[in-house]
1. Within the range 147-185, can you find the residues that are part of a loop (DSSP other than H, G, I, E, B), in contact (Cβ under 8 Å) with a residue 40 or more places away in the chain and over 22 Å from residue 132 (Cα atoms)?
2. Suppose we filter the range 79-122 for residues that are surrounded by 15 or more Cβ atoms within 10 Å (Cβ to Cβ), under 24 Å from residue 1 (Cβ atoms) and without any contact (Cβ under 8 Å) to a residue 60 or more places away in the chain; how many remain?
3. Across the range 154-168, which residue is farthest from the chain's Cα centre (by Cα) among those that are aliphatic (A, V, I, L, M) and at pLDDT 90 or above?
4. Looking at the range 35-44, which of the residues that are at pLDDT 95 or above and touching a Lys or Arg at 6+ places or on another chain (Cβ under 7 Å) is surrounded by the most Cβ atoms within 10 Å (Cβ to Cβ)?
5. If the requirement is being more than 24 Å from residue 5 (Cα to Cα) and surrounded by fewer than 17 Cβ atoms within 10 Å (Cβ to Cβ), which of these qualifies: 61, 48?
6. What number of residues within the range 169-184 are under 15 Å from the mean Cα position of the chain (by Cα) and farther than 20 Å from residue 82 by Cβ?
7. Out of curiosity, is residue 74 surrounded by 15 or more Cβ atoms within 10 Å (Cβ to Cβ), among the small types (Gly, Ala, Ser), under 22 Å from residue 136 (Cβ atoms) and in contact with a Gly (Cβ under 6 Å, 6 or more places away or on another chain)?
8. Could you please let me know if residue 136 is modelled with pLDDT of 95 or more, of a type in the set (A, V, I, L, M, F, W, C), crowded, with 16+ Cβ neighbours inside 10 Å and assigned to a strand (DSSP E or B)?
Amino acid sequence: MPTITTALARPELWDDIQHALSGGGDGRSCQCVWPVLTNKEWESTSFDARTTIFQQEIASDSPPGLVAYVDDEAAGWMRIGPRPAQRRLARTRNIITTTREPLDDNSVWAVTCFVVRKEHRGQGINAALLKAGIDFARASGARVIEGYPINTALTDVRVNDLFHGALSTFLNAGFTEVPSTKPNRPLVSLDLRG
């Protein structure tokens, strides 16, 4: 079995993060800023603008996520942070109608993106990232973490759409499913106070 480790995003890991994002799917072109932009903003940004936004986030005092390594090679990425900073979420109907938490509460964090390089898929990288993300959120004072995964048991999913994560990964990490009108796109929640 490979050794999987994780690290919080920071400027000196920029090349590693880019390597993790460029292994298949839309990670590289998105630069993991889709959750922080509105649709209108997203449509008007170029790759270079998204890259600049992402670099600024990584250089800030609040890392926007974690990078995973398999035997010292950057292999995966996960975005996690306060939900209000991920502005798209407060404009997403399923989240607005399903969440039990105030949309402007900074103690509510959200996991919104996973990327795993093709050659490292199926090795438990998302689970390792989620576990490390829970520890990071707890240490940062988060009260609740939400996720918006895909229930892969109910729908056929294109690999590119798995950036949301699989429901089973969240449930295995202790999250609970919140009843939703979209069974194939549930909202999951983990209370960190317990």
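1. 179, 180, 181, 182, 185
2. Looking only at that region, the number is 2.
3. At the first step, the residues of the range 154-168 found to be aliphatic (A, V, I, L, M) are 154, 157, 159, 162, 166-167.
Checking the rest, the ones that are also at pLDDT 90 or above come to 166-167.
On the way: 166: 11, 167: 13 Å.
Filtering the range 154-168 for residues that are aliphatic (A, V, I, L, M) and at pLDDT 90 or above, the one farthest from the chain's Cα centre (by Cα) comes out as 167.
4. Here the answer is 35.
5. Sole residue among the options that is more than 24 Å from residue 5 (Cα to Cα) and surrounded by fewer than 17 Cβ atoms within 10 Å (Cβ to Cβ): 48.
6. 1
7. No.
8. Values: modelled with pLDDT of 95 or more: yes; of a type in the set (A, V, I, L, M, F, W, C): yes; crowded, with 16+ Cβ neighbours inside 10 Å: yes; assigned to a strand (DSSP E or B): no.
So residue 136 does not fit the description; no.
The values are calculated or read from the model by the stated rules, or taken from the named source; none is laboratory data. Note that the structure is a prediction, hence the values are computed from the model and not measured. Every residue, glycine among them, receives a Cβ derived from its backbone with ideal geometry; neighbour counts consider all protein chains shown.
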